[in-house]
Amino acid sequence: MKAVVLAAGLGTRFKSDKPKVLHELLGKPMLWYVVNTIRQGGIEDIAIVVGHGAEEVKKTLGEEFAYFHQENPKGGTADAVLSSVDFWRNSEDYLLIINGDSPLVSSDTIKNMQRFLLLVEEYEKVKLAGVILTSVLQDPTGYGRIVKEEGTDRILRIVEEKDATPQERNIREVNGGVYMFYVPYLLEALFKIKPSEATGELYLTDVVDYMVSKGYEIRSFMASDPTEIVGVNTRWELSFAENILRLKLIKYWAQRGVTFHIPETVWIEPDVTLSRNVEIFPNAVLKGKTKLSKGVVIKTGAVVEDSELGEDVVIEPYSCVERSRVEHKAVIGPYAHVRDRTVVGERSEVGNFVEVKRSRLGKRVKAKHLAYIGDAEVGDNVNVGAGVVTANYDGKKKHRTEIGKNAFVGSNSLLIAPIRVGNFAYVAGGSVITKDVPDEALAVERAELRIVEGAGKKKLK
Ligand code: UD1
Ligand code: CA
């Protein structure tokens with residue numbers, strides 16, 4: 001089976017400068033969800049009908065799809081399908097057609113619809129002209145209504161809201177925008193239907209009426225979860241759909257042994273992977289390809305992006321970890337920033353207002369207050385005092401700092417890179433270090449301290 005995604009609409013109700021289908025839910029464009037669903041539903045041969053913002057759509061999704069251009073941006077959904085006719089016309093199979101603004105459809109539904117067609121053929125000896133995903137909604141406003149032959153699953157017509165009679169508007173079963181049509185019948189029907197009187201558009205939904213008039217049979221397939229069919233026409237519907245998706249992800253991980261405290265405040269993206277006994281506190285944000293091992297605790301307001309956290313790592317409140325790796329039992333924060341391919345070794349502690357950039361910290365390193373560690377290699381057991389700064393930038397270039405294992409770097413010292421502080425070396429607090437400190441040496445750089453008895457009180461008079 002091939003698939004066609006309809007993504008050429010103007011998205012007028014979205015009031016956006018960029019194509020509606022590229023707006024993001026949990027960090028991924030709407031269309032990403034649609035093509036993912038199709039692929040996981042077992043269909044690889046995918047065409048996307050583009051129009052408004054075509055170049056941007058192609059650039060975002062890449063070369064792996066066939067693209068077809070819909071010339072008339074107000075042509076309607078049937079016109080969009082026709083724009084891709086060269087992609088599917090020679091097929092003797094069913095064709096999956098799916099709205100690009102239906103990001104919540106599940107891959108199981110796609111698989112089940114395919115199975116349904118086969119089962120009907122095998123057991124009832126009926127070759128269906130099509131199957132359409134439907135759902136019964138409390139409030140069907142905005143969706144096409146499904147008119148059925150009473151007491152059966154046979155669809156007779158789909159009536160768009162704008163063209164519906166008050167009676168038809170009361171129907172609560174709606175069109176989910178996912179169709180599988182038998183290609184020879186679809187081809188015939190698409191060339192026969194007429195534009196809507198209300199809008200002038202060619203409606204894909206009108207092929208149903210035509211097919212039924214020819215004696216072909218179309219059935220409904222009810223979504224197992226009514227939220228799957230949510231269409232995103234407005235910004236508000238985008239927020240709504242994103243929220244459903246988010247809660248589904250949270251539920252998925254909760255079922256696999258993750259605790260979420262106040263889940264309605266947690267942001268989690270689809271490529272994040274969690275493990276058992278992970279615990280997530282309110283307002284946590286987990287982004288990109290983040291991976292959390294067993295027992296990780298993410299406290300309030302922490303942001304973790306494209307990072308890997310080892311077992312039992314704790315991210316204290318309001319800390320950010322980006323594109324980095326934190327190993328077993330290390331503690332980050334509160335209010336720390338770890339970024340850009342940093343590795344924080346086992347049991348290390350990066351504490352209050354410490355920033356670590358593109359550095360590698362060994363095991364049991366302690367940098368607990370107010371430090372900047374950039375472009376540095378820090379050995380095991382190093383103590384980095386409060387206020388230590390690696391001056392890695394000379395105004396033109398970045399330079400590296402190396403601190404050997406078991407070294408002690410006293411508070412408020414400044415290490416001017418490139419520089420090496422040796423193993424077991426001791427840098428006294430307040431020193432500006434401009435030369436390498438050999439292993440086991442002491443480095444002190446301070447102006448002589450003068451104490452003048454009585455002079456203090458005199459100044460204060
Ligand atoms: C459509 C269905 C409606 C269904 C609903 C489900 C029709 C006529 N109506 O309505 O029965 O309940 O989806 O969400 O199909 N598009 C194009 N070219 C066009 C017009 C639209 O590619 O000329 C694309 C859009 O980008 C969008 C999709 O087709 O991704 C659906 O179009 P939209 O205008 O949103 O249709 P609805 O009014 O939501
Ligand atoms: Ca829509």
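The values are calculated or read from the model by the stated rules, or taken from the named source; none is laboratory data. Small disclaimer: the values here were computed from a predicted structure and weren't measured. Because the Cβ atoms are built from the backbone with ideal geometry, glycine has one as well, and the counts that use them run over all protein chains shown. Remember, those area values only see protein heavy atoms, side chains included, never the ligands or the DNA or RNA. Shrake-Rupley method; radii C 1.70, N 1.55, O 1.52, S 1.80 Å.
Take region 144-173 and flag every residue that is assigned to a loop (DSSP other than H, G, I, E, B), within 13 Å of residue 203 (Cβ to Cβ) and touching a residue at least 24 places away in the same chain (Cβ under 8 Å). Can you show your working first?
Restricting attention to region 144-173, the residues satisfying the condition of being assigned to a loop (DSSP other than H, G, I, E, B) are 144, 149-153, 160, 164-165, 170-172.
Next cut, within 13 Å of residue 203 (Cβ to Cβ) only: 144, 160, 164.
Hits for region 144-173 are 144, 160.
Inspect all residues belonging to region 230-237 and state whether any of them is hydrophobic (A, V, I, L, M, F, W, C), part of a helix (DSSP H, G or I) and surrounded by 15 or more Cβ atoms within 10 Å (Cβ to Cβ). Write out each step before concluding.
The first filter runs over region 230-237 and keeps only residues hydrophobic (A, V, I, L, M, F, W, C), leaving 230, 232, 236.
Okay, now just the ones that are also part of a helix (DSSP H, G or I), so 236.
Then drop every residue that is not surrounded by 15 or more Cβ atoms within 10 Å (Cβ to Cβ), which leaves none.
Checked against the condition, which is being hydrophobic (A, V, I, L, M, F, W, C), part of a helix (DSSP H, G or I) and surrounded by 15 or more Cβ atoms within 10 Å (Cβ to Cβ), region 230-237 yields no hits at all.
Go through region 244-262 and give me each residue that's surrounded by fewer than 18 Cβ atoms within 10 Å (Cβ to Cβ), more than 18 Å from residue 34 (Cβ to Cβ) and not small (Gly, Ala, Ser).
Answer for region 244-262, where residues must be surrounded by fewer than 18 Cβ atoms within 10 Å (Cβ to Cβ), more than 18 Å from residue 34 (Cβ to Cβ) and not small (Gly, Ala, Ser): 247, 251, 252, 255, 256, 259, 261, 262.
With the requirement that a residue be open to solvent by less than 60 Å² (accessible area, probe 1.4 Å) and either more than 15 Å from the chain's Cα centre (by Cα) or not hydrophobic (A, V, I, L, M, F, W, C) (or both), what does region 263-278 give you?
Across region 263-278, the qualifying residues are 263, 265, 269, 270, 271, 273, 275, 278.
Just to be sure before I move on: is residue 294 open to solvent by 20 Å² or more (accessible area, probe 1.4 Å), part of a loop (DSSP other than H, G, I, E, B), on the phi > 0 side of the Ramachandran plot and touching an Asp or Glu at 6+ places or on another chain (Cβ under 8 Å) in the structure I sent?
On the way: open to solvent by 20 Å² or more (accessible area, probe 1.4 Å): yes; part of a loop (DSSP other than H, G, I, E, B): yes; on the phi > 0 side of the Ramachandran plot: no; touching an Asp or Glu at 6+ places or on another chain (Cβ under 8 Å): yes.
Here the answer is no, as residue 294 does not meet what is asked.
Condition first: in contact with a helix residue (DSSP H, G or I) (Cβ under 9 Å, 6 or more places away or on another chain), of a type in the set (Gly, Ala, Ser), within 16 Å of ligand 2 (Cβ to nearest atom) and under 16 Å from residue 27 (Cβ atoms). Can you find one or more residues in region 239-247 that meet it?
Yes, the conditions are met somewhere in region 239-247.
Among (1) part of a loop (DSSP other than H, G, I, E, B); (2) touching a residue at least 24 places away in the same chain (Cβ under 8 Å), there is one condition residue 450 misses while meeting the rest; what is its number?
Of (1) part of a loop (DSSP other than H, G, I, E, B); (2) touching a residue at least 24 places away in the same chain (Cβ under 8 Å), only one is false for residue 450: (2).
Please determine whether any residue of region 47-55 is touching a residue at least 12 places away in the same chain (Cβ under 8 Å), more than 14 Å from ligand 1 (Cβ to nearest atom), open to solvent by 40 Å² or more (accessible area, probe 1.4 Å) and not in a helix (DSSP H, G or I).
Residues of region 47-55 that are touching a residue at least 12 places away in the same chain (Cβ under 8 Å), as a first pass: 47-54.
Those left that are additionally more than 14 Å from ligand 1 (Cβ to nearest atom): none.
Within region 47-55, not a single residue is touching a residue at least 12 places away in the same chain (Cβ under 8 Å), more than 14 Å from ligand 1 (Cβ to nearest atom), open to solvent by 40 Å² or more (accessible area, probe 1.4 Å) and not in a helix (DSSP H, G or I).
Out of region 6-22, which residues are within 13 Å of ligand 2 (Cβ to nearest atom) and in contact with a strand residue (DSSP E or B) (Cβ under 9 Å, 6 or more places away or on another chain)? Spell out how you get there, then give the answer.
Initially, region 6-22 is screened for residues within 13 Å of ligand 2 (Cβ to nearest atom), giving 6-14, 20-21.
Residues satisfying the conditions are 6, 7, 8, 9, 10, 11, 20, 21.
Taking the stated definitions as given, is residue 160 open to solvent by 10 Å² or more (accessible area, probe 1.4 Å) and more than 9 Å from ligand 1 (Cβ to nearest atom)? Before you say what the answer is, go through the steps one by one.
Values: open to solvent by 10 Å² or more (accessible area, probe 1.4 Å): yes; more than 9 Å from ligand 1 (Cβ to nearest atom): no.
Taking the combined requirement at face value, the residue does not satisfy it.
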